[in-house]
Amino acid sequence: MARAPRAAANPAAALPSADPGERLLALLERAERVLGRFEQVFLPSAQPPDWTAAHAFRWRRRGAAAQLQPVRTPPSIRLADLQGIDEQKRRIERNTRQFVSGRPANNVLLTGARGTGKSSLVKACLNKYAARGLRLIEVDKADLVDLPDLMELLVDRAERFIVFADDLSFDEGEPGYKALKSVLDGSVAAQADNVLIYATSNRRHLLPETMRDNLGYAHGEDGELHPGEVVEEKISLSDRFGLWVSFYPFDQDHYLAIAEHWLQAFGASAEQAAAARSEALLWALERGSRSGRIAWQFARDWAGRKLG
């Protein structure tokens, strides 16, 4: 009489139709939940800083510990120093003024050409409104996963906080992407009324866009074009910013005006600044770019050589 086959020692092995990839995914999800519980119990939580020490702070994680570090020497950039971006300056300053006044305001995404003043504009708004309670907290992309912890430190404060993520872009699958997306609009907990997120990026949608994304488009029989899921996902984060502000490369006149402004800020006379136009153009040609940053760098070099 034939004996019945013994049960497999591994339950998953008894299911030949089970997908090994699905089993691995389930195991990883379970391990992630266990690690999450471990962190909640054993890892130290972030402690509030000395809020009177500075107007600007950096969120820093060192191993298991995270903290807000005061920035004791922040940039002294003023809104008046930013030339050639009047419309962008008007929109950002107005949104920030609304926020500081306790009125509704939007999270902001500043995108466009490098060196055109995106980051400087955010810092200039801090300098203008710090006396009215505005504070700036800079968070690196790698630390965006800590945003929920940071929000807990800020929610009950009387100050108004801009959480600032500079030069932001993501590769697919990065954890900070989902954390930022959740805090902006997707979490069960509402964003605190005293916190806005300002981010700068050279990419409009913060993620790389490739030709293969277009393979997700399909033509229906009715002729309608249906966006693919890949493209929808790539624009879903930028859509959560209520205000988009675009920055564009400067033309020659704008570049020269900015160079003259900074030359005079460093001590040159109006006549000296005007006489340095040809040198400023040559500097931009050698760098292959005309931008506010290039103009500022030229002015520093010229002032160091001519006025020292």
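The values are calculated or read from the model by the stated rules, or taken from the named source; none is laboratory data. Keep in mind that this is a model prediction, so the values were computed, not measured. Backbone-built Cβ (ideal geometry, glycine too); neighbour counts: all protein chains shown.
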Practice problem: Give the number of residues within segment 150-168 that are in contact with a Pro (Cβ under 9 Å, 6 or more places away or on another chain) and either without any contact (Cβ under 8 Å) to a residue 24 or more places away in the chain or loosely packed, with under 15 Cβ neighbours inside 10 Å (or both). | Solution: 0
Quiz item: Say we look at segment 131-149 and pick out the residues that are at pLDDT below 90 and not charged (D, E, K, R); which of these is surrounded by the most Cβ atoms within 10 Å (Cβ to Cβ)?
Solution: LEU144
Quiz item: In segment 69-87, is there at least one residue being outside any loop (DSSP other than H, G, I, E, B), in contact with a strand residue (DSSP E or B) (Cβ under 9 Å, 6 or more places away or on another chain), at pLDDT 95 or above and within 23 Å of TRP296 (Cβ to Cβ)?
Solution: yes
Quiz item: Across segment 154-169, which residue is farthest from VAL122 (Cα to Cα) among those that are modelled with pLDDT under 90 and aliphatic (A, V, I, L, M)?
Solution: VAL155
Self-check item: Extreme residue, farthest from GLY102 (Cα to Cα), among residues of segment 170-180 that are buried (at least 17 other Cβ atoms within 10 Å of the Cβ) and at pLDDT below 80
Solution: PHE170
Practice problem: Test ALA130 against the criterion of being among the small types (Gly, Ala, Ser) and touching a Phe, Trp or Tyr at 6+ places or on another chain (Cβ under 7 Å), and give yes or no. | Solution: no
Self-check item: Single residue of segment 236-274 satisfying the filter (loosely packed, with under 14 Cβ neighbours inside 10 Å and either within 13 Å of LYS306 (Cβ to Cβ) or among the aromatic types (Phe, Trp, Tyr) (or both)) that is modelled with the lowest pLDDT
Solution: TYR248
Practice problem: Kindly indicate which of ARG114, ARG135 is of a type in the set (Lys, Arg), closer than 14 Å to TYR198 by Cβ, in the same structural domain as ILE85 (by TED's automatic domain parsing) and in contact (Cβ under 8 Å) with a residue 12 or more places away in the chain. | Solution: ARG135
